[in-house]
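Step one of this worksheet: look at the structure below.
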Amino acid sequence: MQRLLFILLIAVSFLTINGQKKKSPNVLIILSDDQGWGDVGFNGCTDIPTPNLDALAKDGVICSQGYASHPYCSPSRAGLLSGRYQHRFGHECNLPYEDAKADDGLPLDELMMSEVLKKHDFQTCAIGKWHLGDSINYWPNKRGFDDWFGFWGGGLSYWGEPKKGRGPMGGVLRDGKPVPMSEITYLTDDFSDAAVEYIDEYSKNDKPFFMYLAYNAPHSPIHATKQYTDMVSHIEDGYRAAYAAMVVGMDVGVGKVIQKLKEEGEYENTIIFYYSDNGAATNGARSEPYRGHKGMLFEGGIRVPFSVTWKGNIKGGQVYDKAVSALDIFPTVLAATDVKCPKNKELDGVNLLPYFNGEVNKAPHNTLFWRYSDGAGYAVLKGKYKMVMSGFKNIEFFLFDIEKDPYEHTNLASAKPEILKELEKEYKDWNRGTVPGLWTDPHAANISKEVEKRESFIRKATAGERKK
């Protein structure tokens, strides 16, 4: 009898201990598309209301110097999900617009965050814009995601119509199968609702989940519902107002997702990253106060809205002012979930948790790098100095003191040639560990056109000047 009681006590103790054991935290990455640094309230935006994003950021850390790894869409996403500079495996251009080959995409031998987490028993889902390969073998369901609701290309009508000539498979898909147009309302709302539904499903079991919620908002085309345009009726510039409505729609959706996490008791057990894949496009968005826009290596093209929230594990109400990168998300996720990095996987980022929690006071990065293909330009940030080589401006070199001149108004290249030379060497050393792009795109040419358009305005403005 005593032996039986002893066995029962041991069993009860075992069950109690295991019942108290907390499952691994969930991971939620919320990615906006072409959103400017200045287009969110937590960075000081006053005309676009983003109360849900602001509340999320207030619960965590605002990274005021948070960077994307590339100034436009597809390469930036490749860097995020691989945790490595996309230049190491040739994904430094957007997928070709019309003639992508079957093997154009994030290389299949490049291990992705989703694949690592799935191997560790996470439920995984991708929602929204993919843009990492047009062919079926490159789609999310083949890259570590159990569930997928979204589209594979770089852009789509928010009303869900496939691009001309692509047929139903070029529209919104659920696990690789076309979603009837009758089930689509407005993509931003549909993606938010899908996220809520997946959370409802996943929270019914004990497995943690990884959700990659990649909105295409506020990327062009500029489409919005009256519900959201009414919420920005105070903005008199119609171009800005239409864009702002898209941001507002995304903010409302994020609010629904966070509310669902709270209802299911998952909010405090979810590490949440929010950032934009690159800086503001020229569609009513704003990267102000920073110079430049999407496609440029000035701050406006790569410095983005960026926050990290893990309530109870990361102290809230912080503004972290040292440079961090989207490349840091992968190693931070591994640290938060206690998943070991595979031995054959070399990450380029760092675990940000000890920096956010005050355990490490130095900057997370000694240097950060950016590069276009085809010699169009590159940039290096080392300490307080940033070098930009711009092929758009006649192979001109720029050097900025980012601490004193974060808006990049004063070019120090001629005043500090020794610093410029040092950063050039840093770039050349880093560049040896990269490969040429596997395909090309017209993005560099498009930026050149934008630069020429600017110069044409200047020429027109000064045409009547009389010389003294």
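Determine if the stretch 445-453 includes at least one residue that is assigned to a helix (DSSP H, G or I) and in contact with a strand residue (DSSP E or B) (Cβ under 7 Å, 6 or more places away or on another chain). No, the stretch 445-453 contains no residue that is assigned to a helix (DSSP H, G or I) and in contact with a strand residue (DSSP E or B) (Cβ under 7 Å, 6 or more places away or on another chain). Of all residues in the stretch 390-416, those being exposed (fewer than 13 other Cβ atoms within 10 Å of the Cβ) and either over 15 Å from TYR290 (Cα atoms) or of a type in the set (Gly, Ala, Ser) (or both) number 4.
The set of residues in the stretch 419-435 that are touching a Gly at 6+ places or on another chain (Cβ under 9 Å) and either surrounded by fewer than 11 Cβ atoms within 10 Å (Cβ to Cβ) or of a type in the set (Ser, Thr, Tyr) (or both) contains only THR434.
On the given criteria, is GLU299 at pLDDT 95 or above, farther than 20 Å from LEU187 by Cα, touching a Phe, Trp or Tyr at 6+ places or on another chain (Cβ under 6 Å) and outside the structural domain of ASN411 (by TED's automatic domain parsing)?
It is true that GLU299 is at pLDDT 95 or above, farther than 20 Å from LEU187 by Cα, touching a Phe, Trp or Tyr at 6+ places or on another chain (Cβ under 6 Å) and outside the structural domain of ASN411 (by TED's automatic domain parsing).
Could you please find all residues in the stretch 101-135 being acidic (Asp, Glu) and either farther than 14 Å from GLY79 by Cα or outside the structural domain of VAL172 (by TED's automatic domain parsing) (or both)? Within the stretch 101-135, ASP103, ASP104, ASP109, GLU115, ASP121, ASP134 meet the criteria. Just to be sure, is ALA336 small (Gly, Ala, Ser), touching a Leu at 6+ places or on another chain (Cβ under 6 Å) and at pLDDT 95 or above? Against the criterion (small (Gly, Ala, Ser), touching a Leu at 6+ places or on another chain (Cβ under 6 Å) and at pLDDT 95 or above), ALA336 does not qualify. It is to be established whether one or more residues within the stretch 146-165 are within 21 Å of LEU347 (Cβ to Cβ), aliphatic (A, V, I, L, M) and outside any helix (DSSP H, G or I). No; the residues of the stretch 146-165 include none that is within 21 Å of LEU347 (Cβ to Cβ), aliphatic (A, V, I, L, M) and outside any helix (DSSP H, G or I). Looking at the stretch 166-179, which of its residues are outside any strand (DSSP E or B), of a type in the set (A, V, I, L, M, F, W, C) and at pLDDT 95 or above? Matches in the stretch 166-179: VAL172, VAL179.
Restricting attention to the stretch 134-152, which residues are among the hydrophobic types (A, V, I, L, M, F, W, C) and surrounded by fewer than 24 Cβ atoms within 10 Å (Cβ to Cβ)? Answer for the stretch 134-152, where residues must be among the hydrophobic types (A, V, I, L, M, F, W, C) and surrounded by fewer than 24 Cβ atoms within 10 Å (Cβ to Cβ): ILE136, TRP139, PHE149.
If you go through the stretch 102-123 and keep only what is under 18 Å from the mean Cα position of the chain (by Cα) and not in a loop (DSSP other than H, G, I, E, B), you end up with GLY105, MET113, SER114. When every residue of the stretch 220-227 is checked against the conditions, at least one turns out to be surrounded by fewer than 18 Cβ atoms within 10 Å (Cβ to Cβ), among the small types (Gly, Ala, Ser), closer than 25 Å to GLY279 by Cα and assigned by TED's automatic domain parsing to the domain that holds GLY255.
Scanning the stretch 127-150 for residues that are touching a Ser or Thr at 6+ places or on another chain (Cβ under 8 Å) and closer than 22 Å to PHE89 by Cβ yields a total of 6. Across the stretch 196-244, the number of residues qualifying as part of a helix (DSSP H, G or I) and hydroxyl-bearing (Ser, Thr, Tyr) comes to 6.
Taking the listed residues GLU346, GLU359, the one that is at negative phi, surrounded by fewer than 15 Cβ atoms within 10 Å (Cβ to Cβ) and in contact (Cβ under 8 Å) with a residue 60 or more places away in the chain is GLU346, with no other qualifying. Please work out if GLU268 is part of a helix (DSSP H, G or I), surrounded by fewer than 22 Cβ atoms within 10 Å (Cβ to Cβ) and either without any contact (Cβ under 8 Å) to a residue 24 or more places away in the chain or out of contact with any strand residue (DSSP E or B) (no Cβ under 9 Å at 6 or more places or on another chain) (or both). It is true that GLU268 is part of a helix (DSSP H, G or I), surrounded by fewer than 22 Cβ atoms within 10 Å (Cβ to Cβ) and either without any contact (Cβ under 8 Å) to a residue 24 or more places away in the chain or out of contact with any strand residue (DSSP E or B) (no Cβ under 9 Å at 6 or more places or on another chain) (or both). Against the criterion of being of a type in the set (Gly, Ala, Ser), at pLDDT 95 or above and in contact with a helix residue (DSSP H, G or I) (Cβ under 6 Å, 6 or more places away or on another chain), SER182 does not qualify.
The values are calculated or read from the model by the stated rules, or taken from the named source; none is laboratory data. Quick caveat, the model's predicted, so the values are computed rather than measured. Note that we place each Cβ from the backbone using ideal geometry, even for glycine, and neighbour counts take in every protein chain shown.
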